[in-house]
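Scroll down for the structure; my scribbles are underneath it.
Here, each number is a calculation from the coordinates, and none is a lab measurement. This one's a predicted model, so the numbers in the text were calculated from it and none came from an experiment. Positions of Cβ are backbone-derived with ideal geometry, glycine not excepted, and every protein chain shown enters the neighbour counts.
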Amino acid sequence: MKSLLRILSPLAIAAAVGAGTAFSQEKSVNPGINDSFQNPDPKTFVERFEKEGREVYDQREAVVKTLGIQPGTAIADVGAGTGLYTRLFAQATGPGGKVYAVDIAKTFVDHVLMTSKVRGLTNVEGVVCDPDNAKLPANSVDLAFICDTYHHFEFPEKTMRSILSALKPGGRLVLVDFERIEGKSSDWILNHVRAGKEVFRSEVEASGFAFEKELKMFSENYFLVFRKPAD
């Protein structure tokens, strides 16, 4: 066994561990991680999420540009929170497109719809999802975007399979989350995020997605791109 482990790549080991975790999810993989989102106050989280110094906020325009969103695109912002990216996507895809603001917290979804309406964005639809299901129509979106949210998935395999179902064949999945590296990442990340990039990638692949590439845009976060197989 030791000799076998020596010849396996770290990614292969992570994939085996991740797949085992993903397919034994009768219980939450991280109980209590979403307690603060039972009935969150959007104003409080706007101050936390939409501020300078938060990497995904500072790089928001670059992220949208990198995604190359075309007019008419259908997008799911999964874990939309206060709607930072939902509103940017709604502008990019235009009135002929659609953006689903998906979150487990109804107060967040209501806030996103309100702030989008104030800005004249009529192509946003709110979805209050379940802990294990994104609640999106099948084959309805071209792009699913998950930013600093995957580590909050209590049932990642079930949730990711629901997102896979929602994507059109060949559709993209973008996963942005915190780099979790022992001895390098902050104590907050080490205590809050349950696993590192390799494990999360392996879980996503085990759910049926094909890994495409990693883009180097951040220092504290990573940016992974997957696709739903065309067939």
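Results, tabulated for the structure shown:
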| quantity | calculated |
| --- | --- |
| Unit charges at the beta carbon, dipole of segment 40-194: most positive-side option, LEU164, ASN191, GLN59 | LEU164 |
| Shape parameters for the chain, alpha-carbon atoms, Rg then Dmax in Å | 17.3, 62 |
| Whole-Å distance, taken between Cα centres, linking segment 147-168 and segment 31-79 | 16 Å |
| Neighbour-count ranking [beta-carbon atoms within 10 angstrom, fewest first] of ILE189, ILE69 | ILE189, ILE69 |
| Rounded to the nearest 20 debye, dipole of the chain from Cβ charges on Lys, Arg, Asp, Glu | 440 debye |
| The chain: angle of helix 84-93 to the longest principal axis, Cα-based, in degrees nearest 10 | 70 degrees |
| Counting DSSP beta bridges with both ends in segment 46-164, the antiparallel % (nearest 5) | 5 percent |
| Too-long pairs where the Cα-Cα distance tops 18 Å, listed order kept, from LYS65/LYS135; LYS106/LYS135; LYS65/LYS106; LYS158/LYS228; LYS135/LYS168 | LYS65/LYS135; LYS65/LYS106 |
| Helix 106-118 vs. the chain, principal-axis angle (Cα, 0 to 90°, nearest 10) | 40 degrees |
| Anchor LYS213: aspartates and glutamates whose Cα lies under 14 Å away (excluding residues fewer than 8 positions away in-chain) | GLU198, GLU205 |
| Relative contact order computed over the chain (Cα-Cα under 8 Å; 6+ residues apart), in percent | 20 percent |
| Residues of type lysines that LYS51 reaches as a straight line, Cα spacing below 19 Å, ignoring anything fewer than 8 places off in the same chain | LYS43 |
| Choice from ASP142, ASP103, ASP130 showing the highest fluctuation, given a GNM over the chain with Cα pairs closer than 10 Å | ASP130 |
| Positive-end residue of PHE153, THR107, GLN38, charge dipole of the chain with Cβ unit charges | PHE153 |
| Within segment 139-214: Cβ-based charge dipole about Cα centre, in debye rounded to nearest 20 (Lys, Arg +1; Asp, Glu -1) | 200 debye |
| Within segment 100-230: Cβ-based charge dipole about Cα centre, in debye rounded to nearest 20 (Lys, Arg +1; Asp, Glu -1) | 440 debye |
| Normalised contact order of segment 128-231, rounded percent, pairs of Cα under 8 Å and 6 or more residues apart | 29 percent |
